[in-house]
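Structure first, commentary second.
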Amino acid sequence: MKILVTGGAGFIGSNFIHYWLQNHPTDDIINFDKLTYAGNLENLSEIEKNSHYNFVKGDVCDREQVLDVVKDTDLIVHFAAESHVDRSIMDPSDFIRTNILGTQILLDSAREYEVRFHHISTDEVFGALKPEDPAFNEKTPYDPKSPYSASKAASDHLVRAYHHTYGLKTTISNCSNNYGPYQFPEKIIPLFISNLIEGIKVPVYGDGNQVRDWIHVDDHSRGIELIIEKGEIGETYCLGGDSEISNLELTKTLIKLLGKDESCIEFVKDRPGHDRRYAIDFSKATNELGWKPEINFEDGLKSTIHWYKNNQEWVERCKSGDYQGYYEEWYSTLSSRA
Ligand code: NAD
Ligand code: TYD
């Protein structure tokens, strides 16, 4: 099989490519990525000489480039996106362009060449839960709250519409918060690990009682694999980690695992419109695909901390360029709006 992976130089995409080639060594993968600040070919340096792997630099919003790479492929697995909620609050433009327009261009190209399309989405499209609410499932109405989740919701609707209207062979997965190696140090887990290693305080937004469900990226890759192999065309599958934890509890766990103390915590102003809780009911994936998360959260955190400790130069290289400027702008956004 020949698979086009979009956004394969990012966090989940690069982990997925490693996973896929380990488990399907004779398949061919084309990694199509624009290499934004979040795209990093270092994540794939171990396989750059693998004859089954090919990198093409390009933008999912460029129709000619996309048509060219989609031709001759059997399957598109679409990860490419702007993915950070805080950046979407500062400026939604790239999120609308890449996440919505880029998905439409890929769908058009998949239609043109009759290629199956698997869309990677998020539980954030369902909005925010109260503590007493049941977890999100495939029937939960869409209610996105941030510019990021609104752009992902729009892309999910387009995928469904292309299946319904044109008969395109599509599937969608809506997954909870991922963690693991190669995650850009702007999301809470890699940011807090790298700050704690460097002796910098960790900024907890608001009261820290917001809850997220965490899934190890390898469990996510295995879920995508099963959807590709066994999922029903036109269907959506929710994937979760069965690991709900508040940001404050998560922060205290990281502090303990890294041998630091709680004086490292700094409570800062809250993210505007901050979603209070996400949780996923993944029983459809269990019943129909035989999937459930297998990596225990504390074990996964320990191995992730180990990876970041051993890859501090990778982290430092991520922090070059615009990183400092981004943080200065973000914190000024927080103080002016909260
Ligand atoms: P990421 O930000 O780490 O990587 C995104 C990748 O997409 C980068 O390599 C970037 O260069 C590439 N990209 C961005 N714009 C592009 C464009 N216009 N053309 C081509 N490539 C482009 O993101 P991630 O965390 O790996 O997320 C991957 C996907 O998974 C996204 O669709 C995201 O919405 C979804 N998702 C993420 C999480 C999570 O916890 N990170 C959870 C659920 C779903
Ligand atoms: P994040 O990793 O950005 O993922 P998402 O917003 O997609 O869930 O944030 C996870 C949670 O951690 C979210 O509730 C916001 C919170 N958070 C902080 O408290 N401090 C931080 O510096 C960051 C980046 C996030």
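The values are calculated or read from the model by the stated rules, or taken from the named source; none is laboratory data. Not measured: the values here are computed from a predicted model. Positions of Cβ are generated from backbone atoms using ideal geometry, with glycine treated the same way; all protein chains shown enter the neighbour counts. With ligands, DNA and RNA removed, areas are computed over all heavy atoms of the protein, side chains included. Shrake-Rupley method; radii C 1.70, N 1.55, O 1.52, S 1.80 Å.
Figures for the structure shown
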read-out	value
Residue count, region 113-141 (criterion: under 14 Å from CYS238 (Cα atoms), charged (D, E, K, R) and away from ligand 2 (no atom under 16 Å from the Cβ))	2
Matching option when the condition is touching a residue at least 40 places away in the same chain (Cβ under 8 Å) and surrounded by 13 or more Cβ atoms within 10 Å (Cβ to Cβ), among GLY290, GLY300, GLY321	GLY300
Members of region 52-88 that are among the hydrophobic types (A, V, I, L, M, F, W, C), within 7 Å of ligand 1 (Cβ to nearest atom) and touching a strand residue (DSSP E or B) at 6+ places or on another chain (Cβ under 9 Å)	VAL60, PHE79, ALA80, ALA81
Failed item in (1) without any contact (Cβ under 8 Å) to a residue 40 or more places away in the chain; (2) away from ligand 2 (no atom under 16 Å from the Cβ); (3) crowded, with 17+ Cβ neighbours inside 10 Å, with PRO144 passing the rest	(2)
Exclusive hit being β-branched (Val, Ile, Thr), at negative phi, surrounded by fewer than 24 Cβ atoms within 10 Å (Cβ to Cβ) and within 16 Å of ligand 2 (Cβ to nearest atom), set ILE105, ILE100, ILE96, ILE89	ILE89
Enumeration of residues in region 266-287 that are open to solvent by 30 Å² or more (accessible area, probe 1.4 Å) and of a type in the set (Gly, Ala, Ser)	GLY273, SER283
Any pair with Cβ under 6 angstrom, 6 or more apart, that starts in region 183-194 at a residue that is closer than 16 Å to ASN310 by Cα and ends at one that is within 9 Å of ligand 2 (Cβ to nearest atom) and not in a loop (DSSP other than H, G, I, E, B)	GLN183/PRO190; PRO185/LEU191; ILE189/TYR179; PHE192/VAL202
ALA128 open to solvent by 10 Å² or more (accessible area, probe 1.4 Å) and more than 15 Å from the chain's Cα centre (by Cα)	yes
Any chance GLU244 is under 23 Å from LYS292 (Cβ atoms) and without any contact (Cβ under 8 Å) to a residue 40 or more places away in the chain	yes
Any hit, region 28-44, residues being farther than 16 Å from ALA110 by Cα, open to solvent by 10 Å² or more (accessible area, probe 1.4 Å) and within 16 Å of ligand 2 (Cβ to nearest atom)	yes
Filter result (closer than 27 Å to ILE215 by Cβ and either open to solvent by 100 Å² or more (accessible area, probe 1.4 Å) or of a type outside the set (Ser, Thr, Tyr) (or both)) within region 324-335	TRP330
Residue in region 58-75 that is without any contact (Cβ under 8 Å) to a residue 40 or more places away in the chain and in contact with a helix residue (DSSP H, G or I) (Cβ under 7 Å, 6 or more places away or on another chain) present	yes
